[in-house]
1. If you average the C-alpha positions of segment 159-203 and of segment 139-157 separately, how far apart do those two centres end up, in angstrom?
2. Any idea how far apart Thr233 and His147 come out in nm if each label point goes 7 Å out from Cα toward Cβ?
3. Per the Kirkwood definition applied to all pairs of different Cα atoms, how many angstroms is the hydrodynamic radius of segment 31-188?
4. Compute the label zone of Arg138 within segment 11-43: residues whose backbone N is under 18 Å from the point 7 Å along Cα-to-Cβ.
5. Considering the zone a paramagnetic label at Asp154 would reach in this model (a point 7 Å from Cα along the Cα-to-Cβ line), which residues of segment 178-208 have amide N under 11 Å from it?
6. If I model a spin label at Glu224 and Leu112 as a point 7 Å from the Cα along the Cα→Cβ vector, what separation in nanometres do I get?
7. Taking R0 as 22 Å, what's the FRET efficiency between Asn84 and Glu42 from their Cβ-Cβ distance, rounded to 0.05?
8. If we count every other residue with Cβ under 15 angstrom of Ile164's Cβ, Lys/Arg +1 and Asp/Glu -1, where does the sum land?
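Just so it is clear, none of the values below were taken in a lab; they were calculated from the coordinates. Just so it is clear, the structure is predicted and the values come from calculations on it, not from any experiment. Cβ sites come from the backbone with ideal geometry, for glycine too, and all protein chains shown count toward neighbours.
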Amino acid sequence: MANQQLNRPGKLIDRFGRRVNYVRISVTDRCDFRCIYCMCEEMTFVPRAQLLTLEEMATIARAFTELGVDKIRITGGEPLIRRNVVSLFYSIGALPGLRELVTTTNGSQLPLLAKDLKAAGVKRINISLDSLDPEKFRRITRFGELHKVLAGIDAALDAGFERIKINSVIIKNRNHDEIINLVRFAGERAMDISFIEEMPLGLNDDHNPNETYYSSDQVRAELERAYTLLPTTETTGGPSKYFRIGETGTRVGFISPHSHNFCGSCNRVRLTCDGRLLLFLGHEHSVDLRHVIRSHPGDMERLKQAIRDAMSIKPEGHEFDLSAKPVILRHMNVTGG
Ligand code: SAM
Ligand code: SF4
């Protein structure tokens, strides 16, 4: 049955019967921050000539929507520092068949761009915020300035997105004492919040994730001392498990790659800024779509066939092991978080 599904035109179904309808596009691996769990202080970035152009990204996005993808997330690196990125949001936002255009950002450019993103059709936006203390924020992001991100959050609130969600990676002894503050901050502004367990991606030169692991269950237990968490079946199509907070009416999500494996329902693939289609976050399985698009410019059918063929190498699950040295040497900024 699986093979018949694989070859069916017009839909992307992998060999485990999972329908892929969600693509995350990393538009750059560069960033104005250097978060300790995501990048080293000194980084080598993809040479500019190897980057997909914004037009190539728009073409690949179109191919995906013609194959039934109805949700696209623009991410990075920091997506909003790529020059002219707003034009890509406009191109993708206008694609027929697209139900949701969303983005994940560190918020630093939102004072400038929030209104443009909304006008281009972005419905929901995730903003990363790990600390409300300027010093701690600086230590976690290395270069980040909290007041700029807070101004970005205000700009996003003013722009009127359907939903804004804060993403917080919790690291023991860095920011685990800010969980309640972060939830209060989000709740007061009618924003949802997700807590993310740190994933051991890349060569982390700051701390050992094995020693600083703080589980979603620990976060939840702490929250339950201050708030009423009501189970909900609501989902945004991602790996977050959500609860509604009785006191605020907003939602709290837990993204738990270690403690709760979510691969069984994985509906997504990722496009890196240099054009590799990654079939899975924790794996090296990939297909070089830049080669396809540059060796056969304008050949949409060939591009779509390459994407269809890629479904046959999407693996079943992930391979994170906190006790082992990371075997996946890509950093999150390259993968597209
Ligand atoms: N620069 C944008 C931002 O920070 O939101 C978008 C890209 S970033 C890679 C996307 C998300 O991945 C962020 O919420 C970040 O906190 C998360 N992230 C990065 N490295 C991670 C890691 N090692 N484990 C868990 N989450 C990580
Ligand atoms: Fe930049 Fe986002 Fe990675 Fe932080 S998590 S270094 S903001 S890409």
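1. 13 Å
2. Roughly 4.8 nm, to one decimal.
3. Working: mean 1/r = 0.0602 Å⁻¹.
About 16.6 Å, per the Kirkwood formula over Cα pairs.
4. Under cut-off, by backbone N: 32-36, 41.
5. No residue passes the distance filter.
6. 4.5 nm
7. Numbers: r = 27 Å, r/R0 = 1.24.
Using R0 = 22 Å, I get an efficiency of 0.20.
8. Working: positive: Arg73, Lys115, Lys118, Lys123, Arg124, Arg163, Lys165, Arg189, Arg251; negative: Glu100, Asp154, Asp158, Glu162, Glu188, Asp192.
Net of charged neighbours comes to +3.
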